[in-house]
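All remarks here apply to the structure that follows.
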Amino acid sequence: MSETKKEWPLWEVFVRPRRGLAHSHVGSLHAPDAELALRNARDLYTRRQEGVSIWVVPAAAVVASSPDEKDSFFDPAADKVYRHPTFYQVPEGAAHL
Amino acid sequence: MTTSVDRLLALGDDALVTAQRLGHWCTRSPEMEEDVALANIALDQLGVARLLLSYAGEVEGAGRDEDALAYLRTDREYRNALLVELPDRDFAVMIAKLLFVSAYQRLLYRRLATGADERLAGIAAKAVKESAYHEDHATLWTLRLGDGTDESHRRMQAAVDEVWPYTHELFEEEPDLRAEWLSTVEGVLTRATLVRPADSWAPTGGRDGRHTEQLSYLLAEMQVLHRAHPGARW
């Protein structure tokens with residue numbers, strides 16, 4: 001029986017914790033279709049009132065960067081100090097920076 | 001105004017026995033996600049059962065708390081409807097029972113929430129939202145199994161046929177709730193391409209403590225720890 005058992009597809013779950021914040025990825029789950037994926041997400045990720053809105057996305061629809069491309073993707077940013085706003089003088093008395 | 005002890009026990013025992021049956025699905029569901037969903041529903045039912053049994057104990061005034069009522073009554077003293085004690089022979093039977101009982105609980109709690117017994121109204125107002133979610137879960141599965149493969153359709157229809165006779169007993173106290181219950185349930189069955197069984201045999205007796213043999217086994221498992229170690233705490 002286990003040979004014939006088909007796994008339900010994987011879904012990625014995004015929860016918005018409260019109004020004004022963006023949806024954040026919280027995890028993934030299995031479900032046979034989108035409607036049940038949403039229900040399962042509600043049970044798994046928002047049972048302690050963690051959110052006001054849920055998105056579920058088929059994991060197969062996510063295009064991800066490859067770990068092999070890590071160097072070419074992310075390393076060049078490291079030595080480009082001018083991309084970071086560290087060359088400004090902070091004016092006297094400017095708070096909350 | 002207070003409600004009678006028997007009535008509170010009937011409501012509380014429906015919820016308690018439903019919770020115990022659903023608890024059986026822990027680690028036995030087709031997928032881990034469904035395990036969590038059913039355990040959530042079981043805990044909702046247990047929460048309502050605790051409130052109702054505590055209240056029943058206070059109304060009775062004999063010093064019995066929720067634990068005494070849950071763990072030390074025999075099958076003859078239980079007041080649940082027969083439907084909820086039926087064994088979950090397979091997933092479809094569990095879903096059919098959940099659909100029928102949660103639709104009934106939603107309508108009943110909605111009515112009780114505006115009733116004359118304020119304490120009961122408070123409990124019902126909290127429970128009615130949970131019932132709507134339980135009904136939604138059972139509805140989604142009824143649609144998927146009924147309108148799924150040939151095998152899932154066959155088993156869902158068999159489950160509906162098997163437990164349908166036991167739904168009549170739910171409406172002995174409030175016969176007028178049945179019309180709305182029927183329109184809800186029949187709508188789901190139609191959408192699921194299932195046939196609504198004819199009304200004929202209508203077994204009864206649960207509200208008077210005359211149960212199927214299945215309840216004794218359920219209680220034996222549920223009560224054994226408390227009876228062996230009275231008052232034991234974690």
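Figures for the structure shown
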quantity: Test: residue in the range B:87-105 that is over 25 Å from B:Thr190 (Cα atoms), part of a helix (DSSP H, G or I) and of a type in the set (A, V, I, L, M); calculated: no
quantity: Filtered residue count, the range B:178-223, keeping only those that are surrounded by fewer than 13 Cβ atoms within 10 Å (Cβ to Cβ) and farther than 23 Å from B:Arg89 by Cβ; calculated: 6
quantity: Matching residues in the range B:34-81 - criterion: being in contact with a helix residue (DSSP H, G or I) (Cβ under 9 Å, 6 or more places away or on another chain) and within 14 Å of chain A (Cβ to nearest Cβ); calculated: B:Glu34, B:Val36, B:Ala37, B:Leu38, B:Ala39, B:Asn40, B:Ile41, B:Ala42, B:Leu43, B:Asp44, B:Gly47
quantity: Sole residue being within 14 Å of chain A (Cβ to nearest Cβ) and assigned to a helix (DSSP H, G or I), chosen from B:Arg144, B:Arg110, B:Arg119; calculated: B:Arg144
quantity: Flag for A:Leu38 being at the interface with another protein chain (Cβ under 8 Å from one of its Cβ atoms) and either at negative phi or surrounded by fewer than 17 Cβ atoms within 10 Å (Cβ to Cβ) (or both); calculated: no
quantity: Every residue from the range A:39-97 that is part of a loop (DSSP other than H, G, I, E, B) and closer than 24 Å to B:Leu38 by Cβ; calculated: A:Thr46, A:Arg47, A:Arg48, A:Gln49, A:Glu50, A:Gly51
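Yes/no matrix, rows are residues, columns are (1) surrounded by 10 or more Cβ atoms within 10 Å (Cβ to Cβ); (2) modelled with pLDDT of 80 or more; (3) within 20 Å of B:His137 (Cβ to Cβ); (4) of a type in the set (A, V, I, L, M, F, W, C):
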| site | (1), (2), (3), (4) |
| --- | --- |
| A:Glu7 | no, yes, no, no |
| A:Leu10 | yes, yes, no, yes |
| A:Arg19 | no, yes, no, no |
| A:Arg47 | yes, no, yes, no |
| A:Lys70 | yes, no, no, no |
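The values are calculated or read from the model by the stated rules, or taken from the named source; none is laboratory data. As the structure is a computational prediction, the values presented were derived from the model and not from experiment. Using ideal geometry, Cβ is built from the backbone for each residue, glycine included, and neighbour counts are taken over all protein chains shown.
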